[in-house]
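The next block holds one structure in the form of structure tokens; read it before the comments.
The values are calculated or read from the model by the stated rules, or taken from the named source; none is laboratory data. Just so we're clear, the structure is a prediction, and the values are computed from it rather than from any experiment. Heads up, the Cβs are rebuilt from the backbone with ideal geometry, glycines too, and the neighbour counts pull from every protein chain shown. Quick note on the areas: whole protein, heavy atoms, side chains included, nothing else; ligands and nucleic acids left out. Shrake-Rupley method; radii C 1.70, N 1.55, O 1.52, S 1.80 Å.
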Amino acid sequence: MLMCVCGTLLGGAAAFGLVDAMSADLGAAAVPRWVRQALRCLLPGGVAIAIWLAAFAYVLTRLPADALFPVGDLLIEVGVCLGIALAAAASAVRFAPGRQAAMAAVVVQMAMVLGTILLPEQVRLWPAACGFGYWDQAHLFWLAMLPLPYLWLVFAGRDLRR
């Protein structure tokens, strides 16, 4: 569960990378909006993934040798959390200037996470321990949902002035 919380917090922090304080002061840019947004997503997103992998490596050193800790399933979870935060921020920066847009993205991400935590046990998407309960079904759902925030991110990053 600690790695899920870490992924959620890092996703929220990465949302602040999409805020461009100069966007209101600049006229036409030489680079399309989607390129600028992609770079603003790659830099904090890459840092968030690197920090998450470092935390994951640390957790692995603290586990007993026979403990089950599936990196693939947890990477899918952090990928969805990061994608939701970045996509919400990319949408919010169109409507709100400055840090308010990133805060709106964090609120959207936290609402989605809290909404999925409060589900009944049969459909719980954050099982407490790997391999127990509905772990496999939950991670099949996460895998199916993984492309959606990134499609949302691509759609939110497009240039509207065409």
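Computed quantities for the displayed model
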{"item": "Subset of the range 148-162 [modelled with pLDDT under 85 and open to solvent by 80 Å² or more (accessible area, probe 1.4 Å)]", "result": "R158, L160, R161, R162"}
{"item": "Residue in the range 54-93 that is farthest from G157 (Cα to Cα), counting only those that are touching a residue at least 12 places away in the same chain (Cβ under 8 Å) and among the acidic types (D, E)", "result": "D73"}
{"item": "Conditions (1) without any contact (Cβ under 8 Å) to a residue 60 or more places away in the chain; (2) closer than 21 Å to A48 by Cβ; (3) of a type in the set (A, V, I, L, M, F, W, C): number failed by L146", "result": "(1)"}
{"item": "Filter result (under 30 Å from R158 (Cβ atoms), in a loop (DSSP other than H, G, I, E, B) and at pLDDT below 85) within the range 94-147", "result": "R94, F95, A96, P97, G98, L125"}
{"item": "Single residue of the range 27-58 satisfying the filter (more than 20 Å from A15 (Cα to Cα) and of a type in the set (F, W, Y)) that is modelled with the lowest pLDDT", "result": "F56"}
{"item": "Those residues of the range 42-98 which are in contact with a Gly (Cβ under 7 Å, 6 or more places away or on another chain) and surrounded by fewer than 17 Cβ atoms within 10 Å (Cβ to Cβ), in sequence order", "result": "L43, L68"}
